[in-house]
Structure formats: structure tokens, C-alpha cells
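Reviewing the structure listed below.
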Amino acid sequence: MKTYFRRSILAASMLAIATLVIVYAQEPKADEQMNKRGDHVMGFDHMKTTHHFLLQEQGGSIEVTANNADDVESSKQIRMHLKHIAMMFAEGNFKAPMLIHDQTPPGVPVMQKLKGEITYDFEEIDRGAAVRISTKNPTALKAIHDFLRFQIKEHKTGDLLHLQ
């Protein structure tokens, strides 16, 4: 009787674990959902591009490049998107990162409040573009760094979480 009971418990446990594995495998991962939203909002395929979020003494940078030098369409879309982002952020509009991440990223409320003390300069770079963010306000600087650190973690870029 004990052996039958143990085998029944073991079989039920294995069935429960197998069910969880199947359900988990079929659920879209948070990263997959973020990437789908990002592709839609940004207008280019994240698999064909590389993002970098860099912390610097006066602020930081958002840099996106096409992985392939021959991918002129991605480079064009990156430049259009980041030019638009620089203008939106300067106006205090952070809807794009909110839509991509399905939440308000850290630092955004302060960056919106102090928008007049932060500059967002668009720059074309090889195979893509960059938004250079800078401020002289220490409170805005902390918010910028919080925002960029969040992006580094969410996008898993491997960029440094401290000043370079």
C-alpha cells in the first residue's frame, strides 16, 4: 500500500511539473512582449539593430545602430525614430518608452518636471543615430541616470550601470 501511495504521489507531482513546464513554455516572455511593443513603437526590428545606453558625467546617450552596414533601411528608420525621440523628450513627452516597457521608467517624472534644464541633441552616427542627453542640474542628472540604467537592464544591453 505504501509503495502504491508513493507512486501515486510521484506520478501526480510529475504531472503537475510537466503541466507547469508546458504552460510556462507557451506563455510569451516579458522580454518578447517588450520587444514586440518596441518594434511597433520604434518602427524597426530590434533583432537587426543594437541599442546602447551610456551614462556620462553630464547625462548620457541613447545609441542605436543597424547590425549590418548594408541594412540602409534600418539605419534610416533608426535615424527617423531617434530624431523624433529627441524632440518628444525635449517636450517632456515620454510616451514611447512607456509604451515599449508598459510602465513609466524611473527618472521620467523628474525629467518631465525639469525638461527645461535638460538638452536632447540628435546626432547621426555610423549605421544609425544617437540622442545625447545633458544637464547641469544634479536632480535632473540623477533622473537621467536612473532612466538610462532602467533601459540597460530592460534591454539587457550589457552597458555599464555606472559612469564611464
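Coordinate-derived values only; no laboratory data. Quick caveat, the model's predicted, so the values are computed rather than measured. A quick note on method: Cβ atoms are made from the backbone with ideal geometry, for glycine too, and the neighbour counts reach across all protein chains shown.
What's the local net charge at Lys76, with K and R +1, D and E -1, over the other residues with C-beta under 14 Å away?
Taking every Cβ under 14 Å from that of Lys76, the sum is -2.
Which of the GluC sites (Glu not before Pro) found in segment 46-97 are in a DSSP loop and have at most 15 neighbouring Cβ atoms, other than their own, within 10 Å?
Here the sparse-neighbourhood loop sites are Glu57, Glu91.
What does the extension gain come out to for Lys83 and Met47, with contour length at 0.36 nm per residue minus their alpha carbon separation?
Difference between extended and current length: 10.9 nm.
With the Cα gyration tensor of segment 83-164 giving a ≥ b ≥ c as the square roots of its eigenvalues, does the rule (a/c under 1.5 for rounded; else a/b larger than b/c for prolate; else oblate) give rounded, prolate or oblate?
rounded
For the pair Lys153 and Asp126, what calculated FRET efficiency results from E = 1/(1 + (r/R0)^6), where r is the Cβ-Cβ distance and R0 = 30 Å, to the nearest 0.05?
With a Förster radius of 30 Å, E is 0.70.
On a 28 Å Cα-Cα criterion, which of the cross-link pairs Lys115/Lys153; Lys76/Lys113; Lys76/Lys136; Lys48/Lys115; Lys48/Lys113 come out too long?
Too far apart for the 28 Å limit: Lys76/Lys113; Lys76/Lys136; Lys48/Lys115; Lys48/Lys113.
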